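The values are calculated or read from the model by the stated rules, or taken from the named source; none is laboratory data. All values derive from a computational prediction rather than experimental measurement. Positions of Cβ are backbone-derived with ideal geometry, glycine not excepted, and every protein chain shown enters the neighbour counts.
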Amino acid sequence: MTPESLLAAATNAQKQGKLPPVDQWNPPFCGDIDMEIRRDGTWFYNGTPIGRPRMVRLFSTILKREGDKYFLVTPVEKVGIRVEDAPFVAQDFIVRGEGAAQEVQFTTNVGDTVSASAQSPIRLTRSADGEPSPYVMVRRGLEALIDRKSFYRLVDLGVAHNTSGADWFGVWSCGTFFPFIPVAELTT
């Protein structure tokens, strides 16, 4: 399998005006290739950044996750790649409405748009030192790391809400509340 054959498959699917149905493809594993997606969303091939956004977008359309592993797939081939954190980065968002009815719609580094919802949740992890890493589900088990500036903007939208008997600080989108941190931890 070569990057050219992967691009040809992605281009063919994109011409049909939709994302390829990679979740329906289960081709044989052909091995790993030297491709990596770094935490900042930069794609590398053989140690060199892929500088063409259109090419990165095409590769992103044939990306599939199985457990903790990531693959580029076509109907007949599947190759493993490395992903440092999440495969995408949510670089911006817009807000429509307000309160519990507001909609937060993210745009990723590869051109996907997704509204945070029960089907595309926001989740937040915290490192041992408390540093937050926020994510939003984009498609088919593939998440985007929400970049720092967008996370700070989300925090500005945050409100306190009682969830499961505890007060949490978080954000609403599409009728779903996404908790970030217990309110009690904000005052300590």
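Which ones in the stretch 79-107 are touching a residue at least 60 places away in the same chain (Cβ under 8 Å) and within 28 Å of GLY51 (Cβ to Cβ)?
Selection gives VAL79, ASP85, ALA90, PHE93.
Hey, PRO182 hits all of (1) modelled with pLDDT under 95; (2) in contact with a Lys or Arg (Cβ under 9 Å, 6 or more places away or on another chain); (3) surrounded by 14 or more Cβ atoms within 10 Å (Cβ to Cβ); (4) farther than 12 Å from ARG123 by Cα but one; which does it fall short on?
Every listed condition holds for PRO182 apart from (2).
Among the residues of the stretch 50-76 satisfying the criterion of being more than 15 Å from the chain's Cα centre (by Cα) and in a helix (DSSP H, G or I), which is surrounded by the most Cβ atoms within 10 Å (Cβ to Cβ)?
Looking at the filtered set, the residue picked out is LEU58.
Which numbered condition in (1) outside any strand (DSSP E or B); (2) touching a His at 6+ places or on another chain (Cβ under 6 Å) is the only one that ARG153 fails?
It fails just one condition, (2).
Of everything in the stretch 109-134 that's in contact with a Pro (Cβ under 9 Å, 6 or more places away or on another chain) and within 23 Å of PHE59 (Cα to Cα), which residue is surrounded by the fewest Cβ atoms within 10 Å (Cβ to Cβ)?
Here the answer is GLY111.
May I ask you to list the residues in the stretch 153-173 that are closer than 18 Å to GLY99 by Cα, surrounded by fewer than 19 Cβ atoms within 10 Å (Cβ to Cβ) and out of contact with any helix residue (DSSP H, G or I) (no Cβ under 6 Å at 6 or more places or on another chain)?
Those that are closer than 18 Å to GLY99 by Cα, surrounded by fewer than 19 Cβ atoms within 10 Å (Cβ to Cβ) and out of contact with any helix residue (DSSP H, G or I) (no Cβ under 6 Å at 6 or more places or on another chain): ARG153, VAL155, ASP156, LEU157, GLY158, VAL159, HIS161, ASN162, THR163.
Just checking, which of ALA100, ALA86, ALA116, ALA90 is under 25 Å from THR176 (Cα atoms), in contact with a Phe, Trp or Tyr (Cβ under 7 Å, 6 or more places away or on another chain), modelled with pLDDT under 95 and among the hydrophobic types (A, V, I, L, M, F, W, C)?
The match here is ALA100.
Within the stretch 77-88, is even one residue surrounded by fewer than 18 Cβ atoms within 10 Å (Cβ to Cβ), under 21 Å from ASP34 (Cβ atoms) and over 17 Å from the mean Cα position of the chain (by Cα)?
There is at least one residue in the stretch 77-88 that is surrounded by fewer than 18 Cβ atoms within 10 Å (Cβ to Cβ), under 21 Å from ASP34 (Cβ atoms) and over 17 Å from the mean Cα position of the chain (by Cα).
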